[in-house]
Amino acid sequence: EALETIRRRCPLPAVCGRICHHPCEKACRRGRYDEPVSVRSLKRFAADYAPEVQPVAPPITRPERVAIVGSGPAGLTAAYDLRLAGFGVTVFEAAPDPGGMLRYGIADYSLPREVPDAEIDVLVRSGVEIRTGIPVGSTIELDDLLYQGYAVTLLAIGAQKGRALEGTEDALSF
């Protein structure tokens, strides 16, 4: 039940439970009395110890289909929320595997590859279609998505720019 409750607002709890910098804990009012609620740890625990929770694909109740360009955290979250709202959703990803910066920008020791893979699998089982190896703008044009019957296109292409400390090379360039 905890994992189901978490997934209503956070479709990637195992990911967030590992890489979120947990600003909510600094602002937690419980900290006035003893310690803030460890939201990040709770999400990770629920996701890691209740993997058998299988989502049920909600019925498509809306006639509009939505195309999402980019399968990083923003694209995946939007896809999941739209799917829960009854829309048919297809995510188009240029890279060979979905996940965006979760896969290509975070080191394995911080976020083991099987974690986003499992989270993405949950989204697929809930009815989100993901097409990889399709760079929108070269393989397929935005206008083509309209002709294919998508009523709306969300661009969630990310911000793949690293930040370096003085005298260092940023992780993405490295």
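Scanning segment 85-111 for residues that are touching a residue at least 60 places away in the same chain (Cβ under 8 Å) and of a type in the set (Asp, Glu) yields a total of 0.
Going through ALA57, ALA67 one at a time, which residue ends up being closer than 30 Å to PRO135 by Cβ, among the hydrophobic types (A, V, I, L, M, F, W, C), more than 14 Å from the chain's Cα centre (by Cα) and surrounded by fewer than 18 Cβ atoms within 10 Å (Cβ to Cβ)? Break it down stepwise before answering.
Details: ALA67 fails: surrounded by fewer than 18 Cβ atoms within 10 Å (Cβ to Cβ).
Selected residue: ALA57, the only one of ALA57, ALA67 that is closer than 30 Å to PRO135 by Cβ, among the hydrophobic types (A, V, I, L, M, F, W, C), more than 14 Å from the chain's Cα centre (by Cα) and surrounded by fewer than 18 Cβ atoms within 10 Å (Cβ to Cβ).
Restricting attention to segment 16-62, the residues that are touching a helix residue (DSSP H, G or I) at 6+ places or on another chain (Cβ under 8 Å), among the acidic types (Asp, Glu) and more than 18 Å from ILE120 (Cβ to Cβ) add up to 1. Restrict the check to segment 109-121 and report whether at least one residue is among the acidic types (Asp, Glu), buried (at least 20 other Cβ atoms within 10 Å of the Cβ) and modelled with pLDDT under 95. Yes, some residue in segment 109-121 is among the acidic types (Asp, Glu), buried (at least 20 other Cβ atoms within 10 Å of the Cβ) and modelled with pLDDT under 95. The numbered conditions (1) more than 22 Å from LEU3 (Cβ to Cβ); (2) open to solvent by less than 40 Å² (accessible area, probe 1.4 Å); (3) aromatic (Phe, Trp, Tyr) are all true for TYR80 except (1). Taking the numbered list (1) within 30 Å of LEU172 (Cβ to Cβ); (2) modelled with pLDDT under 90 in turn, VAL66 passes all entries but (2). Residue-level check: of (1) within 22 Å of GLY105 (Cα to Cα); (2) modelled with pLDDT under 90, GLY17 misses just (2). Evaluate the following for TYR147: is it free of Cβ contacts under 8 Å to residues at least 24 places away in the same chain, closer than 30 Å to ALA46 by Cβ, of a type outside the set (A, V, I, L, M, F, W, C) and loosely packed, with under 13 Cβ neighbours inside 10 Å? Judged against the criteria, TYR147 is not a match.
Of the residues that sit in segment 153-174 and are within 23 Å of ALA78 (Cα to Cα) and open to solvent by 80 Å² or more (accessible area, probe 1.4 Å), which one is farthest from the chain's Cα centre (by Cα)? Give the derivation first.
If we filter segment 153-174 for residues that are within 23 Å of ALA78 (Cα to Cα), which is where we start, we get 153-161.
If we keep only those that are open to solvent by 80 Å² or more (accessible area, probe 1.4 Å) too, we end up with 155, 157, 159-161.
Numbers: LEU155: 14, ILE157: 12, ALA159: 14, GLN160: 15, LYS161: 18 Å.
Restricting to residues being within 23 Å of ALA78 (Cα to Cα) and open to solvent by 80 Å² or more (accessible area, probe 1.4 Å), the top hit is LYS161.
Pairing residues of segment 1-15 that are over 10 Å from LYS43 (Cβ atoms) with residues that are in a helix (DSSP H, G or I) and among the acidic types (Asp, Glu), at Cβ distances under 8 Å and at least 6 apart in sequence or on separate chains, gives PRO11/ASP81; PRO11/GLU119.
The values are calculated or read from the model by the stated rules, or taken from the named source; none is laboratory data. Fair warning: this is a prediction, and the values are worked out from it, not measured in the lab. Neighbour counts run over all protein chains shown; Cβ positions are idealised from the backbone, glycine included. When the accessible area is computed, the model is the full protein with side chains, heavy atoms only, and any ligands, DNA or RNA have been set aside. Shrake-Rupley method; radii C 1.70, N 1.55, O 1.52, S 1.80 Å.
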